[in-house]
Amino acid sequence: MSPIISVSELKENFQNTNLIILDARAGKEMYQNYLEKHIKGARFIDLDKDLAAIGEDAAFGGRHPLPNVQKFGETLSKLGIAENSWIVIYDDKNGANAAARAWWMLRSFGFENVQVLDGGIQSAEKKGLEFSSGEEIFEKASVIKKANWLLPTSNIEDVENEIENNTAVVIDVRDEYRYKGESEPIDLVAGHIPGAVNIPFSENLDEEGNFLKPEILKEKYIKLLQGNPEKLIIHCGSGVTACHTVLALDYAGFQIPNLYVGSWSEWSRRNKEIAKDL
């Protein structure tokens with residue numbers, strides 16, 4: 001199954017009994033926005049509460065550490081997600097807000113039938129998908145138990161060793177001005193991990209904000225990375241937007257790369273070397 005689904009494809013399968021739609025819009029007032037208007041049947045999934053286990057100190061795990069895999073299983077139960085569910089996720093930034101993070105976590109939990117809606121809620125509204133408001137009524141599902149996350153991750157020591165030994169390409173998907181160290185709107189220090197290359201996640205999208213075609217993405221990344229490196233480590237500010245590029249690489253046919261969940265929010269708080277390109 002392709003990790004990306006178009007609005008027209010979703011429309012054709014809207015009545016599928018296994019289909020579960022998740023609204024992963026994040027930020028202030030997003031739950032209120034969900035209550036006011038969402039794709040019909042969509043269930044709200046909260047970035048801070050459901051897709052992360054935010055600790056007291058971002059120096060250890062970053063601003064959005066992964067929750068315990070067992071806890072995530074309980075979250076899926078509350079959302080009515082069962083082993084045979086087909087899950088489509090959307091947000092308001094074409095996956096970059098939290099939809100791609102939810103996609104990564106569901107895939108890492110073992111689900112295969114998981115897709116992100118191309119163009120997000122804006123495309124759904126523009127193309128006439130049915131909307132509703134208020135709470136959605138649905139039944140809980142049995143808790144699915146997993147021992148570990150299944151997709152590859154890298155911790156801060158892994159990233160440092162891989163760069164030092166030149167055994168992986170570390171990709172920073174933040175905007176160029178943040179990577180260069182011109183300014184930092186969220187974390188405490190501006191700059192980037194020494195040795196990391198900057199490929200902003202926005203370059204995965206076309207002028208209309210939709211994902212580039214898989215063949216175009218593949219050609220683009222092969223050219224940018226000068227071939228097809230055996231190991232990639234993807235990071236951003238807090239391990240959320242990085243999933244957008246992991247998603248794009250999977251869509252393009254690459255092996256799913258490592259995710260550095262702690263990302264810049266962790267690295268910049270741990271007295272590690274910091275590079276700037278001013």
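Could you list, ordered by first residue, the pairs with Cβ atoms under 6 Å in which the first is in segment 13-26 and closer than 15 Å to Asp118 by Cα and the second is among the aromatic types (Phe, Trp, Tyr), at least 6 apart or interchain?
Partner pairs satisfying both residue conditions: Asp23/Tyr34; Asp23/Phe44.
Which of the numbered conditions does Glu139 fail, given that it passes all the others? Conditions: (1) among the charged types (D, E, K, R); (2) assigned to a helix (DSSP H, G or I); (3) loosely packed, with under 13 Cβ neighbours inside 10 Å.
Of (1) among the charged types (D, E, K, R); (2) assigned to a helix (DSSP H, G or I); (3) loosely packed, with under 13 Cβ neighbours inside 10 Å, only one is false for Glu139: (2).
For segment 179-196, check the following and say yes or no: at least one residue is in contact (Cβ under 8 Å) with a residue 12 or more places away in the chain, within 30 Å of Ser123 (Cβ to Cβ), in a helix (DSSP H, G or I) and among the basic types (Lys, Arg).
Taking every residue of segment 179-196 in turn, none turns out to be in contact (Cβ under 8 Å) with a residue 12 or more places away in the chain, within 30 Å of Ser123 (Cβ to Cβ), in a helix (DSSP H, G or I) and among the basic types (Lys, Arg).
Would you mind telling me which numbered condition in (1) within 19 Å of Gly41 (Cβ to Cβ); (2) assigned to a strand (DSSP E or B) Ser123 fails?
(2)
For the subset of segment 163-215 comprising residues that are β-branched (Val, Ile, Thr) and buried (at least 16 other Cβ atoms within 10 Å of the Cβ), which member is nearest to Asn94 (Cα to Cα)?
Val173
Restricting to segment 216-240, give me the number of residues that are part of a loop (DSSP other than H, G, I, E, B) and either over 18 Å from Ile156 (Cβ atoms) or touching a Ser or Thr at 6+ places or on another chain (Cβ under 6 Å) (or both).
So the count comes out to 10.
What are the pairs, 6+ residues apart or on separate chains, where a residue within segment 40-69 that is assigned to a helix (DSSP H, G or I) has its Cβ under 8 Å from a residue that is among the β-branched types (Val, Ile, Thr)?
Within 8 Å, the pairs are Leu47/Val240; Asp48/Ile54; Asp50/Thr75.
Among the candidates Val197, Val189, which residue alone is of a type in the set (Val, Ile, Thr) and in contact with a strand residue (DSSP E or B) (Cβ under 8 Å, 6 or more places away or on another chain)?
So the residue among Val197, Val189 that is of a type in the set (Val, Ile, Thr) and in contact with a strand residue (DSSP E or B) (Cβ under 8 Å, 6 or more places away or on another chain) is Val197.
Looking at Tyr90, Tyr31, which one is aromatic (Phe, Trp, Tyr), surrounded by 19 or more Cβ atoms within 10 Å (Cβ to Cβ) and not assigned by TED's automatic domain parsing to the domain that holds Glu215?
Tyr90
Out of segment 24-55, which residues are more than 17 Å from the chain's Cα centre (by Cα) and within 17 Å of Gly237 (Cα to Cα)?
Correct list: Gly55 only.
Which number in (1) on the phi > 0 side of the Ramachandran plot; (2) modelled with pLDDT under 95 marks the one condition that Lys28 misses?
For Lys28, the exception is condition (1).
The values are calculated or read from the model by the stated rules, or taken from the named source; none is laboratory data. Because the structure is predicted, anything quoted here is derived from the model rather than measured. Virtual Cβ from ideal backbone geometry, glycine too; neighbours counted across all protein chains shown.
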